[in-house]
1. Residues of the stretch 342-362 being part of a helix (DSSP H, G or I) and touching a strand residue (DSSP E or B) at 6+ places or on another chain (Cβ under 9 Å), which ones?
2. Keeping to the stretch 280-310, report how many residues are in contact with a helix residue (DSSP H, G or I) (Cβ under 8 Å, 6 or more places away or on another chain) and outside any helix (DSSP H, G or I).
3. So residue 401 ticks every box in (1) under 29 Å from residue 82 (Cβ atoms); (2) in contact (Cβ under 8 Å) with a residue 12 or more places away in the chain; (3) away from ligand 3 (no atom under 16 Å from the Cβ) but one. Which box is left unticked?
4. Checking the conditions here, which among 415, 393 is surrounded by fewer than 17 Cβ atoms within 10 Å (Cβ to Cβ), more than 16 Å from ligand 2 (Cβ to nearest atom) and not in a helix (DSSP H, G or I)?
5. Among the residues of the stretch 363-380, write down those that are away from ligand 3 (no atom under 12 Å from the Cβ) and either over 18 Å from residue 456 (Cα atoms) or surrounded by fewer than 24 Cβ atoms within 10 Å (Cβ to Cβ) (or both).
6. Please pick out the residue among 336, 384, 356 that is within 14 Å of ligand 1 (Cβ to nearest atom), at negative phi and crowded, with 24+ Cβ neighbours inside 10 Å.
7. Might you check whether a residue that is over 23 Å from the mean Cα position of the chain (by Cα), within 15 Å of ligand 1 (Cβ to nearest atom) and either part of a loop (DSSP other than H, G, I, E, B) or surrounded by fewer than 24 Cβ atoms within 10 Å (Cβ to Cβ) (or both) occurs anywhere in the stretch 312-322?
8. Taking only pairs six or more apart or across chains, which ones have beta-carbon atoms under 6 Å, a first residue in the stretch 276-292 that is more than 23 Å from residue 464 (Cβ to Cβ) and in contact (Cβ under 8 Å) with a residue 60 or more places away in the chain, and a second residue that is near ligand 1 (Cβ under 8 Å from one of its atoms) and part of a loop (DSSP other than H, G, I, E, B)?
Ligand code: BES
Ligand code: ZN
Ligand code: ZN
């Protein structure tokens, strides 16, 4: 799909379909497109049953009045409730609706209010991301006939005022880059676990480094090298599997960078639960347990394109959690890389074991300004926040605020949760320093975060439990069913904005 910007009168644009957006009947009726367009829309609204609510669409063929063949009017609900989120939802919904008639050339008319209330760059970036994210499909394993059903537009033209073209083109460029990064993560998550093995992720990281032509350095530790770093918790999780673990480190270090950010992605390529085996229906989608790793790889694929000015290190402890005669047993004790001992009472709480070593490694080797981990860590976080919101834990309020604000901008929703110290008692072991599951049933996402905090020390750190939003279980206009690419745009935006 080709995107372009045009400073033209909407009525003169020759497209197969023109998309425009209106408020509901109780809100402002002044659309300010052009006189002709306003009249057509107002007249149609009067005569047809269209209320301008979210998910209301009105398709018109106003022959002779405008140069485009068709017009699709999309409702946005109440003007007072407008937000970038409503914009993205409205655009994604309009794109889905538009695709029913398979137009090739599509124009977008911006309501004046969008440009009045949003920065032009952000507004165009949001539109482009909504169009691209809603157009994503994972069709690699489908036949030709099925693929044909999902054709993209050939061209999407966004009409902007002439004095906004420059800012708008920055937004267009960013929107395409961010969306492609999200596609990359979605693809990785959607691939079966038989494909995305730890070795595959390592190879993928190697290709990213190669393509970056010297801008990204890579280091991949194999089993023996992981042992040399005393990362026994990773080895403990990996030992039940025939797939060897890989500890992946990527470094992007631009000249003159003032800040250093480390991002860690949980990379369990398949989580059976180990000997604490998951029941079938819980195991079904456990190929997604590397969604954090996928987000980290997507960010590194993108950093050279953005010419980011911040140093970024990506860490992926990649392994598979399998039951076998060699597997970790409930009751076994592991010594993590920082010397702390962990009694493993449930082999299904494996993510925190691999992250404990990854965090200890970062603490020893690097002194980052910010450390972020992304992990599909607990079902308990989904119980707390549902499938669309990630839990955010941080030992730094300012950092948490930055991420929360960016989450509103990007639509990668996060909600701040407490690192409630009293609960730390629940993960003390009788015979080791820590145990990997808590005493009692409640607050499992918090105790998982507290477990990680034991390895963080005084680093400025944020933990995102993405178990819910990493995967979309029902088709949604912005995220088709499957891997969502959650966190990619949030991270990119954070790295882009950092001073
Ligand atoms: N990978 C799972 C968490 C998960 C659940 C991710 C659902 C995505 C969707 C994690 O390793 C796990 O199994 N956690 C256990 C922890 C428990 C044994 C303390 C859980 O949440 O049940
Ligand atoms: Zn597990
Ligand atoms: Zn897991």
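The values are calculated or read from the model by the stated rules, or taken from the named source; none is laboratory data. Since the model is a prediction, treat every value here as computed from it, not as a measurement. Ideal geometry is used to build each Cβ from the backbone, glycine not excepted, and the neighbour counts take in all protein chains shown.
1. 351, 352, 353, 354, 355, 356, 357, 358, 359, 361, 362
2. Selection size over the stretch 280-310: 2.
3. Against the list (1) under 29 Å from residue 82 (Cβ atoms); (2) in contact (Cβ under 8 Å) with a residue 12 or more places away in the chain; (3) away from ligand 3 (no atom under 16 Å from the Cβ), residue 401 comes up short only on (2).
4. Details: 393 fails: surrounded by fewer than 17 Cβ atoms within 10 Å (Cβ to Cβ).
Exactly one residue qualifies, and that residue is 415.
5. 363, 364, 365, 366, 367, 368, 369, 370, 380
6. Of 336, 384, 356, the one residue that is within 14 Å of ligand 1 (Cβ to nearest atom), at negative phi and crowded, with 24+ Cβ neighbours inside 10 Å is 356.
7. Scanning the stretch 312-322 turns up at least one residue that is over 23 Å from the mean Cα position of the chain (by Cα), within 15 Å of ligand 1 (Cβ to nearest atom) and either part of a loop (DSSP other than H, G, I, E, B) or surrounded by fewer than 24 Cβ atoms within 10 Å (Cβ to Cβ) (or both).
8. Here the result reads 276/346; 276/348, each pair linking the stretch 276-292 to a residue that is near ligand 1 (Cβ under 8 Å from one of its atoms) and part of a loop (DSSP other than H, G, I, E, B).
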